[in-house]
Amino acid sequence: MCKYEIADTFFKRFKGLMLRKEIKNDGLLLMNCSSIHTCFMRFEIEAIYLDENYKVIYIEKIKPWRIGKIVHNTKHILERKINKDKKYMLGENVIDEIGGSNDRGKK
């Protein structure tokens with residue numbers, strides 16, 4: 001199982017990965033978030049866009065000082081290190097990877 005930091009409040013989502021020298025653990029899960037940017041970030045990330053059931057609906061690599069795509073039906077976003085060893089596939093459910101249940105983040 002991967003170790004993701006959880007950003008489940010406005011402040012945690014707002015701060016995100018800005019101004020960090022590196023990503024802690026395997027990445028950051030932005031709960032109830034549908035768009036991202038990499039302003040004030042020092043490294044490239046892989047963004048995994050998830051629907052409300054934590055299924056992968058889009059994947060992109062984003063360099064610093066860029067804006068991520070607006071992806072229809074995005075409910076949560078994983079920001080993670082570029083990882084050549086662990087690839088996610090479209091349609092894959094990542095709930096087991098992030099260590100939770102499908103009830104996480106539903107409001």
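The values are calculated or read from the model by the stated rules, or taken from the named source; none is laboratory data. Quantities reported herein were computed from a predicted structural model and do not represent experimental measurements. All Cβ positions, even for glycine, are placed from backbone atoms using ideal geometry, and neighbour counts span all protein chains on display.
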Among (1) over 15 Å from residue 13 (Cα atoms); (2) touching a strand residue (DSSP E or B) at 6+ places or on another chain (Cβ under 8 Å) - the single one residue 79 does not satisfy:
(1)
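Matching residues to (1) among the charged types (D, E, K, R); (2) in contact with a Pro (Cβ under 6 Å, 6 or more places away or on another chain); (3) in a loop (DSSP other than H, G, I, E, B):
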| site | (1), (2), (3) |
| --- | --- |
| 47 | no, no, no |
| 57 | no, no, no |
| 64 | no, no, yes |
| 71 | no, no, yes |
| 87 | yes, no, yes |
Go through the range 31-53 and give me each residue that's over 15 Å from residue 73 (Cβ atoms) and touching a residue at least 40 places away in the same chain (Cβ under 8 Å).
31, 36
Which is part of a loop (DSSP other than H, G, I, E, B) and under 15 Å from residue 83 (Cβ atoms), of 25, 32, 53?
25
Only one of (1) under 10 Å from the mean Cα position of the chain (by Cα); (2) crowded, with 17+ Cβ neighbours inside 10 Å; (3) not in a loop (DSSP other than H, G, I, E, B) is not met by residue 6, so which one is it?
(2)
Can you find, within the range 9-21, the residue that is nearest to residue 66 (Cα to Cα) among those that are without any contact (Cβ under 8 Å) to a residue 40 or more places away in the chain and in a loop (DSSP other than H, G, I, E, B)?
18
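Conditions tested, residue by residue: (1) buried (at least 16 other Cβ atoms within 10 Å of the Cβ); (2) out of contact with any helix residue (DSSP H, G or I) (no Cβ under 9 Å at 6 or more places or on another chain); (3) at negative phi.
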site	(1), (2), (3)
24	no, yes, yes
30	yes, no, yes
33	yes, no, yes
37	no, yes, yes
44	no, yes, yes
52	no, yes, yes
56	yes, yes, yes
63	no, yes, yes
70	no, yes, yes
Consider only pairs whose beta carbons are under 8 Å apart and that are at least six residues apart or on different chains; among these, list those whose first residue lies in the range 90-107 and is farther than 14 Å from residue 31 by Cα and of a type in the set (D, E, K, R) and whose second residue is at pLDDT below 75 and outside any helix (DSSP H, G or I).
96/1; 97/1; 97/2
